[in-house]
Amino acid sequence: MGENLPQGCKLCLKGSKMVLFVTGICGKGCFYCPLSGARKGKDVTYADEVPVKNDLEIILECKAIDAEGTGITGGDPLIKARRTLKYVKMLKKEFGCEHHIHLYTNGMYAERDLLKQLKDAGLDEIRFHPSREFWDRIAVAKELGMFAGAELPAMPGEEYKIKEFIEYLVKIEADFLNLNQLEFSPENALQLKQRGHSLEEGEMSAVRGSERTALSVIKWARTEGISLPIHYCPSYVKDSVQTKKRLLRRAKNVRRPYEEISVDGLVGKVLIRLPSINPRELRRKLHEYTGIPLYAIGVSEDGSSMEVHRKFLDCAKKFFKDATFEYVQSYPTFLREKFAVFPC
């Protein structure tokens, strides 16, 4: 991504930032918005993948990934200003001033009084993705002494707009600009295609020309002697670096005794399906017959199957002659979504 990275980016690359999605309401309606239907335009709150019903769930998710900081996003979290301020104060109180918090906003609701309240609450960094009419909100943040910059997608064919924005950021002495590789998602694919965009060759989601646009702008800035730190974040960083590392951090804290962790942060276990037999009744018998420790034998949440560590597969097969055995890999997330199932 480049030198002089904002602290928020450094922690994201370590997978040590919790993503606090405050609300799906935005008020802007960007055609390239990647938010899912479950979030877009809806007043819902998530801590990473955990639907938030109370403040404790946010704190527990922070602890589950050993978070060193939080990225507050949406929608636009400033639409729900009181909620956002509460979360900033709560996180600082619970985890201390060293818990780094950055926030994304389109600037529409970032009025001076609210920006000052955010600064006083302990917000460490603010990132704007503003339309031209709200560029001045970044200047206000800087006047208040905030660490403030901008973040936007590198839109192919709009180099001149990005350059104009950079010149403004230099003028107001903003702290940074992040250019993200534009991506296809199920939610924005039709809108992108209608505007003539296509996939980069060999890529799963990256939009053709987005990386070229970002690198061209950075090269221009260097040629012009622009000192504003400009960083480019490719799409693979989110999945292959940031998310992977966050999953690994979470897996270490939430894995069950009979689960093993893969290099990609998935958790794996052997599932034993038993026709018309109560797995709970057989758990102790399996332990007594095979010597498998009780802590290494579990029962699925729906009570239909037994779960054991893969290293005890052969022992379990000798005990259960008519059972079906599968090795299941899941994400170590709140919902434990399955990634793959293999017969064994």
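Just so it is clear, none of the values below were taken in a lab; they were calculated from the coordinates. Here the structure is a predicted model, which is why all the values come from computation and not from measurement. We place every Cβ from the backbone using ideal geometry, glycine too, and count neighbours over all the protein chains shown.
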By how many degrees, between 0 and 90 and to the nearest 10, does the Cα long axis of helix 210-223 differ from the longest principal axis of the chain? 40 degrees
Of all DSSP beta bridges in the range 7-250, antiparallel share, percent nearest 5: 20 percent
Inter-centroid distance (Cα atoms) of the range 203-230 relative to the range 248-295, Å: 48 Å
Residues MET18, MET146 in order from fewest to most other beta-carbon atoms within 10 Å are MET146, MET18
Global form of the chain, assessed from the alpha-carbon gyration tensor, a/c cut-off 1.5: prolate
Give me the net charge of LEU294's neighbourhood, meaning all other residues with Cβ under 9 Å from the Cβ of LEU294; Lys, Arg count +1, Asp, Glu -1. +2
Need one number: % antiparallel among DSSP beta bridges in the range 1-80, to the nearest 5. 40 percent
Counting Lys and Arg as +1 and Asp and Glu as -1 over every other residue whose Cβ sits under 9 Å from the Cβ of ALA206, the net charge comes to -3
In nm, what is the difference between 0.36 nm times the number of residues separating SER185 and PHE319 and their Cα-Cα distance? 43.6 nm
When a footprinting reagent is the concern and you count Cβ atoms within 10 Å, what order do TRP135, TRP220 take, fewest first? TRP220, TRP135
Report the net charge of residues surrounding ASN253, where surrounding means a beta-carbon distance below 9 angstrom and charges are Lys +1, Arg +1, Asp -1, Glu -1. +4
For the chain, find the longest principal axis of its Cα atoms and tell me its angle to the long axis of helix 112-121, 0 to 90°, nearest 10. 40 degrees
Below 8 Å between Cα atoms, with a sequence gap of 6+, how large is the relative contact order for the range 120-165 in percent? 41 percent
For a quick check: sort PHE176, PHE342 by the number of other beta carbons within 10 angstrom, fewest at the front. PHE342, PHE176
Once both labels are modelled 7 Å past Cα along the beta-carbon direction, what's the GLU173-GLU143 spacing in nm? 1.4 nm
Rounding to the nearest 10 and keeping the result within 0 to 90°, find how far the Cα-based axis of helix 244-254 lies from the longest principal axis of the chain. 40 degrees
From the square roots a ≥ b ≥ c of the eigenvalues of the alpha-carbon gyration tensor of the range 1-75, which class results: rounded (a/c under 1.5), prolate (a/b over b/c), or oblate? oblate
Global form of the range 1-154, assessed from the alpha-carbon gyration tensor, a/c cut-off 1.5: rounded
Can you compute the label reach from PHE31? Point 7 Å from Cα along the Cβ direction, backbone N cut-off under 18 Å, restricted to the range 138-181. 153-162
